[in-house]
1. With the cut-off at 1.5 for a/c, could you classify segment 10-93 from its C-alpha gyration tensor as rounded, prolate or oblate?
2. Expected output is a single nm value to one decimal: the length gained when fully extending between Thr52 and Tyr14, i.e. 0.36 nm times separation in residues minus the C-alpha distance. What is it?
3. How do 82-95, 128-141 rank on mean C-beta neighbours within 10 Å, highest first?
4. Expressed as a rounded percentage, what relative contact order does the chain have, with Cα pairs under 8 Å and six or more residues apart?
5. Kindly count the pairs of lysines across the chain whose alpha carbons are less than 17 Å apart, treating pairs on different chains or eight or more residues apart as eligible.
6. Does segment 43-86 come out rounded, prolate or oblate by the C-alpha gyration tensor, with a ≥ b ≥ c the root eigenvalues, rounded set by a/c under 1.5 and, if not, prolate when a/b is larger than b/c and oblate if not?
7. Can you list the DSSP H helices in the chain whose Cα atoms extend at least 18 Å along the helix axis and whose mean Kyte-Doolittle hydropathy is -0.5 or higher?
8. Describe numerically, in nm with one decimal, the distance between label points set 7 Å from Cα along Cα→Cβ at Ala90 and at Lys155.
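The values are calculated or read from the model by the stated rules, or taken from the named source; none is laboratory data. Quantities reported herein were computed from a predicted structural model and do not represent experimental measurements. Cβ placement follows ideal geometry from the backbone for every residue including glycine, while neighbour counts extend to all protein chains displayed. For the accessible areas, the whole protein counts, side chains as well, though only heavy atoms, and no ligand, DNA or RNA atoms are used. Shrake-Rupley method; radii C 1.70, N 1.55, O 1.52, S 1.80 Å.
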Amino acid sequence: NLRSYPFPIASNVYERPLKAAMRTFFYQRLGFPKKIPHADLRWQDDAAFLGTNQDTEARYVNSNSDPRDMRGGWQDAGDTNKYVTFAHAAVHQLLTAYTDNPKAFTDDFNIPESGNGIPDLIDEVKFEIDWLKRMQDDDGGVFIKLGTKDYKNAKKPSLDRRPRFYGP
């Protein structure tokens, strides 16, 4: 007299979990507001790290000079730093998933770019790649990281006023 939990059998059973998983990248965006209708009420926040000496005028960590606009990109899963070295895996895997099954990635994942005629996965990858381009130095090299010098996080990223730095 036991039954399994009821579950659907249909061709689109993975659609909702896929959209939920993809939306985690939207919530990892820095320098971008998360507001209704795109953000759940519990996870709303203003754009983070756009203040003085933050991502639009980040300083070189070893000299506290050479301010650069390094806004955008996704924060790390464990802190609000952004790492070039970890970005390649996510970008590569997302683009591989799109290449393998482009029809799964529609233009209606409820991100601000939804409805622009471009699959939302591509819009999200572009958000990260635009940041990666900002992290490139004049000599062609790429700075490794953008973030704070410690790991004390504010309740919401938008409330964090600490200066931000990029590293060699």
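1. Numbers: a/c = 3.67, a/b = 1.80, b/c = 2.04.
Oblate is the answer for segment 10-93, as a/c is 1.5 or above yet b/c matches or exceeds a/b.
2. Values: separation 38, 0.36 × 38 = 13.68 nm, distance 4.30 nm.
Full extension from Thr52 to Tyr14 adds 9.4 nm.
3. Details: 82-95: 15.1, 128-141: 13.4.
Ranked by mean Cβ neighbours within 10 Å, highest first: 82-95, 128-141.
4. On the way: 244 pairs, mean separation 44.3, N = 168.
Relative contact order of the chain: 26 percent.
5. Final tally of qualifying lysine pairs is 13.
6. Details: a/c = 2.43, a/b = 1.37, b/c = 1.77.
Verdict is oblate for segment 43-86.
7. Details: long enough: 15-28 (21 Å, -0.61); 84-100 (24 Å, 0.54); 120-134 (22 Å, -0.47).
Long hydrophobic helices here: 84-100, 120-134.
8. In this crude label model, Ala90 to Lys155 measures out at 2.5 nm.
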